[in-house]
Amino acid sequence: MEHSSSALLCRACGLCCNGVLFDTVHLGPGDCREELKSLGMLIKHKKKYDFFHQPCSSFENNCCSIYKRRPERCRAFECQQLKRFFSGDITEKNVLATIMVALSKVTHLRKLLQQSGKINMKKSLSQQYKKVLAEPLDASCDLEAFKERSDLIDAFEDLQKFLNQEFRIIPILLS
């Protein structure tokens, strides 16, 4: 029962794989870089770390296409929602409701990013957001452009606060 429930919850969510919770994932010591690459993962190397960017290249239709051979960190990760569910603190219905709130916030943020015309679904949500914010607003812009930027900032901060509170194990700091 526990496994089938967690599979249902994870398939309903996908935030740990789709570039919403994380930008990158480091490979563990037991991961075989070449095997993962042969499975279609886009593995990168920087300094002494192998890693892959989010959204994960093996995440398709809200499902891991290499689930049985996925990296160590993916195997070990349980978000706060799963931990609370497994401990009996919350029900499956509660988890699904929280997932729906998170996905609604993500959808809202993506709409705001699309208004900027700079969305790239191959990048994590925070990378897309940072790219939009890096573009300066022209001081002669109309007030609507400033309001859109303000709405984008508010939506991003609201989502990050919610993810820190409900999903992440170690919250990220907002700058």
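Every number in this text was worked out from the coordinates using simple rules, so none of it is lab data. Predicted, not measured: the structure shown is a model, and the values here were computed from it. So basically every Cβ, Gly included, is an ideal-geometry build from the backbone, and we count neighbours across all protein chains shown.
GNM remark for the chain: springs join alpha carbons under 10 Å apart, and the peak mean-square fluctuation among Ala155, Ala76, Ala102 falls on Ala76. Annotation: lysines with alpha-carbon distance below 18 angstrom to Lys111 (same-chain offsets under eight excluded): Lys122, Lys123, Lys130, Lys131, Lys147.
Between Ser126, Ser58, Ser150, which gets the highest mean-square fluctuation from a Gaussian network model of the chain, Cα cutoff 10 Å? Maximum fluctuation in the GNM of the chain, among the listed residues, is at Ser150. Of the residues Ser126, Leu159, Cys63, the one whose Cα sits farthest towards the positive end of the charge dipole of the chain is Cys63 (charges of +1 on Lys and Arg Cβ, -1 on Asp and Glu Cβ, taken about the Cα centre). Taking Cα centre as origin and charging only the Cβ of basic (Lys, Arg, +1) and acidic (Asp, Glu, -1) residues, the dipole magnitude of segment 42-117 rounds to 340 debye. Within the listed set Leu143, Leu42, Leu133, the Gaussian network model of the chain (springs between alpha-carbon atoms below 10 Å) gives the highest mean-square fluctuation for Leu143. Segment Ile170..Arg73, full-extension length gain: 33.5 nm, with 0.36 nm per residue of separation and the alpha-carbon distance subtracted. Between Asn120 and Leu96, the simple label model (points 7 Å from Cα in the Cβ direction) yields a spacing of 3.7 nm. Consider the candidate values [x] 17.7, 59; [y] 16.2, 51; [z] 15.4, 47; state which one is Rg and Dmax of the Cα atoms in Å computed from the structure displayed. Label of the calculated value: [x]. Here the mean projected area of the convex hull built on the C-alpha positions of segment 77-175 is 7.2 nm². What the Cα atoms of segment 22-78 give is an Rg and a Dmax of 10.5, 33 Å. Across the chain, the relative contact order, built from alpha-carbon pairs under 8 Å that are at least six residues apart, equals 24 percent. Counting neighbouring Cβ atoms within 10 Å and putting the fewest first, the residues Ile99, Ile172 line up as Ile172, Ile99. Compared with the dominant principal axis of the Cα atoms in the chain, helix 125-134 is inclined by about 20°. Selection among Thr107, Pro136, Ala7 by position relative to the dipole of the chain gives Ala7 as farthest towards the positive end (Cβ unit charges, Cα centre). Charges were assigned to the Cβ only: +1 to each Lys and Arg, -1 to each Asp and Glu. The resulting dipole of segment 22-78 about its Cα centre is roughly 180 debye.
How high is the FRET efficiency from Phe86 to Gln127, r the C-beta distance, R0 35 Å, rounded to 0.05? That gives a FRET efficiency of 0.65.
Kindly provide the trypsin sites (Lys or Arg not before Pro) of segment 32-117 that DSSP labels as loop, not H, G, I, E or B, and whose Cβ sees at most 16 other Cβ atoms within 10 Å. Counting only loop positions with at most 16 other Cβ atoms within 10 Å, the trypsin sites (Lys or Arg not before Pro) in segment 32-117 are Lys47, Lys48.
For segment 27-55 versus segment 101-175, the spacing of their alpha-carbon centroids is 28 Å. Only lysine pairs 8 or more places apart or on separate chains count here, and in segment 22-78 those with Cα atoms under 21 Å apart total 4.
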